[in-house]
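For reference, the structure is listed below as structure tokens.
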Amino acid sequence: MQNKGLSQNLVLKELESRLRNDFAYDSGKIIGSMCTCPHPLARKVYNRFLDINLGDSGLFPAVVKLEKETIHMLGTLLSNLEASGHIVTGGTEANTLALWAAKKLSKKKQCEVIMPASAHYSFDKAADLLGLRIVRVGLNDGFQVDVEAVKKAVNLNTIAIVGIAGTTGLGVVDPISELSKIAVENDLYLHVDAAFGGFVLSFLKELGFNVSDFDFALPGVCSITIDPHKMGLAPIPAGGILFRNERLRKAVAWNVSYLAGGETEQATFVGTRSGTSVIAVWALLKHLGREGYKRIVRRCMRLTEKLAEEIPKIKGLDIVTEPTMNIVGLKSEVFDIRQIAKELRFRKWAVSLFPNYIRIVVMPHVRKHHIERFIEDLKDIIDKLGG
Ligand SMILES: Cc1ncc(COP(=O)(O)O)c(C=O)c1O
């Protein structure tokens, strides 16, 4: 750090110039990320309440109430008026809290958690931290978890099953109702990772899309991850963990005695945490309502359908599977997918590369002309590769 500070103007100028060439959502070039431009209202709200620390909740009882209301609104969306939980830093923290609760509620010594091969790597981080063994099971032809394989994997050490409602790679929804049955029959904790799908699936259902059950309406579901900083349009960081009831949330609660606001309870991984993230999510849920989110999801799906229609028209390219939500997997039997990704990135398309396909996420910042431009570039790249 330098001895004498710079003026605010100089610091801002330097930042503007240094960050200018980074990717920006409104360019439409970021088509491989699950994040997007926060809604303008959320930006306003976020900037206004930056000083609130929900780790010391005794100081901010009004914000504690807003968080409860936020969880209640999300719980209602996920068919549970009794849901209890928190707005956390993201899907990783939410998934970690779920496995932590599962471990604390179990009396077993060697703890195993069964999850699909498609589960997000945040579970590996969580398992490493918590000393859990992950048992990954294979997928069926539709890229969903193989239910028979899950049944076979259950043993005396199993404490939990994880199902995904919107996989990271392809946006596929596991047969959560089947997982719920297995969980109930074997008295196991079932966590549903709807980090991405939580803000999409319920609205798709209301829009008439065929969406299988994935939420608390299923009796075995103990907790759900639902991230406002993905399709919820909230500023980063805003993840969501919802437990079926207060008893489950309490499994990860700690009492802290020394804080300025008096003795308090924390049931998140972090101590000091952002109150303004919570307020921004509350504001968005109030402002957009179900109708607002439905409009956004409908628009994303229309563009997704267009993309999924256009890709197979290009010789040598295909989609991995029909999109369930606003995620498309682009594959090729003819060309090296890594080469296509490289060429796309050379043209500044920020795509996401999986081992056998390129993932495109049609987030709310992506517009029709971006998709058209992308298809043109893709055609051009394939032409040059000898298609
Ligand atoms: C299904 C799923 N779960 C969890 C996560 C982790 O979320 P975060 O990056 O907010 O920690 C992701 C991230 O993409 C995800 O796709």
Next item on the list: List every residue pair whose Cβ atoms lie under 7 Å apart, where the two residues are 6 or more positions apart in sequence or sit on different chains, the first residue falls within region 142-160 and is assigned to a strand (DSSP E or B), and the second residue, located anywhere, is open to solvent by 20 Å² or more (accessible area, probe 1.4 Å) and among the hydroxyl-bearing types (S, T, Y).
Entry: I159/S106
Notebook entry, point to check: Among the listed residues S27, S57, which satisfies the condition of being surrounded by fewer than 19 Cβ atoms within 10 Å (Cβ to Cβ), at pLDDT 95 or above and of a type in the set (S, T, N, Q)?
Noted result: S27
Margin query: For the condition surrounded by fewer than 23 Cβ atoms within 10 Å (Cβ to Cβ) and of a type in the set (V, I, T), what is the one hit in I176, I134, I161?
Written below: I134
Item checked: Test: L99 is touching a residue at least 12 places away in the same chain (Cβ under 8 Å), under 22 Å from V173 (Cα atoms), of a type in the set (A, V, I, L, M) and open to solvent by less than 90 Å² (accessible area, probe 1.4 Å) -> yes
Check: Based on what the data block shows, is D141 under 21 Å from E67 (Cβ atoms), more than 11 Å from the ligand (Cβ to nearest atom) and not hydrophobic (A, V, I, L, M, F, W, C)?
Finding: no
Next item on the list: Scan region 200-251 for residues that are touching a residue at least 60 places away in the same chain (Cβ under 8 Å) and of a type in the set (D, E) and jot them down.
Entry: E206, D215, D227, E246
Next item on the list: Determine which member of the set G220, G198 is small (G, A, S) and within 29 Å of M363 (Cβ to Cβ).
Entry: G198
Margin query: The conditions are (1) within 16 Å of the ligand (Cβ to nearest atom); (2) in a loop (DSSP other than H, G, I, E, B), and N210 fails exactly one of them. Which is it?
Written below: (1)
Next item on the list: State which residue is nearest to the ligand (Cβ to nearest atom) when the search covers only region 182-207 and only residues that are crowded, with 22+ Cβ neighbours inside 10 Å and assigned to a helix (DSSP H, G or I).
Entry: G198
Check: What strands (runs of 3 or more DSSP E) completely inside region 289-372 contain at least 2 residues that are surrounded by fewer than 18 Cβ atoms within 10 Å (Cβ to Cβ)?
Finding: none
Check: Within region 146-170, can you find the residues that are within 13 Å of the ligand (Cβ to nearest atom) and among the hydrophobic types (A, V, I, L, M, F, W, C)?
Finding: V162, I164, A165, L170
Note to self: Name the single residue that is farthest from L99 (Cα to Cα) among those in region 235-261 being within 16 Å of the ligand (Cβ to nearest atom) and more than 12 Å from the chain's Cα centre (by Cα).
What the structure shows: P235
Margin query: Which numbered condition in (1) under 30 Å from V113 (Cα atoms); (2) touching a Gly at 6+ places or on another chain (Cβ under 8 Å) is the only one that P219 fails?
Written below: (2)
Margin query: Every residue in region 138-158 that is over 17 Å from N95 (Cβ atoms) and of a type in the set (V, I, T), please.
Written below: V147, V150, V154, T158
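The values are calculated or read from the model by the stated rules, or taken from the named source; none is laboratory data. What you see is a predicted model; the values in this text were computed from it and never measured. Here the Cβ is made from the backbone with ideal geometry for all residues, glycine too, and neighbour counts use every protein chain on show. Areas reflect the complete protein model, heavy atoms only, side chains present, ligands, DNA and RNA absent. Shrake-Rupley method; radii C 1.70, N 1.55, O 1.52, S 1.80 Å.
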